[in-house]
Amino acid sequence: MDITVQWIKTSWTKASRGGEAAARRNAAPVGFVLPEVASGRAHFVRMPEGDGFEPRQGWIDLRELSVSLREEGKQLRVLPRVEALHGLPPRPRRPPAVRLLPGQWVRWQLNYRFSSALGIRGWTYWLDTFNIAYGPVGPDVFLSEPTVVVDERGPVR
């Protein structure tokens, strides 16, 4: 069965925590039109503060994706892995995996905050948005409303 993945990584510093820069960051899209996807690859979009949150698109191998994708019968089990627990803002316990039927898709969002090793430089933040569809989809699938939304964003102070 087809699995389509779009990973959007938005990153910023304290400079974009308020005002015009924060407004640009908050207006950044959470879904993009899919270019033709090669099998075994995910559409990867970076939107760093240093580029004014302009999208930079490319590809990443599905094996490098920090999401567990497992077909179980006629369903796809989706669960993003949290690689760096020290970067998680406070939040309630993690939600369980989502199981998608063919034709469904999930938008899963996680945010992080990091300080330099000695706290010399300021905080950096990022937001990962994973759009994952199960079954055949059109190029504009991630511009529509998802079947399931999981919002794991926590306060980043």
Quiz item: Between (i) 56; (ii) 47; (iii) 61, which matches percent of Cα pairs over 21 Å apart calculated for the structure shown?
Solution: (ii)
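Per DSSP H run of at least 4 residues, take -39500 (n - 2.57); add these up for the chain, divide by its residues and hand me the 222 nm value, nearest 500 deg cm²/dmol.
Details: 1 runs with 8 residues, N = 157.
My calculation for the chain gives -1500 deg cm²/dmol from helical runs alone.
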Quiz prompt | Per-residue ³J(HN,Hα) for the range 23-34, Karplus 6.51 cos²θ - 1.76 cosθ + 1.60, θ = phi - 60°, Hz, x for Gly and Pro | solution = 5, 5, 4, 5, 8, 4, x, 10, x, 10, 5, 7
Self-check item: Estimated vicinal HN-Hα couplings, Hz - the range 59-66 in sequence order (Karplus 6.51, -1.76, 1.60; Gly, Pro = x)
Solution: 10, 9, 5, 4, 5, 8, 6, 8
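Find the relative contact order for the chain and round it to a whole percent, using C-alpha pairs within less than 8 Å whose residues are 6+ positions apart.
Reported relative contact order: 30 percent.
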Exercise. Using 0.36 nm per residue of separation minus the Cα-Cα distance, give me the extension gain between Glu145 and Ser115 in nm, one decimal.
Key: 7.4 nm
Quiz item: Once amide H atoms are built 1.01 Å from N in the peptide plane, which residues 5 or more positions from Trp123, or in another chain, come under 5 Å H to H?
Solution: Lys14
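No lab work stands behind these numbers, since they all come straight from the coordinates. Bear in mind the structure is a predicted one, so any value in this text is a computation, not a measurement.
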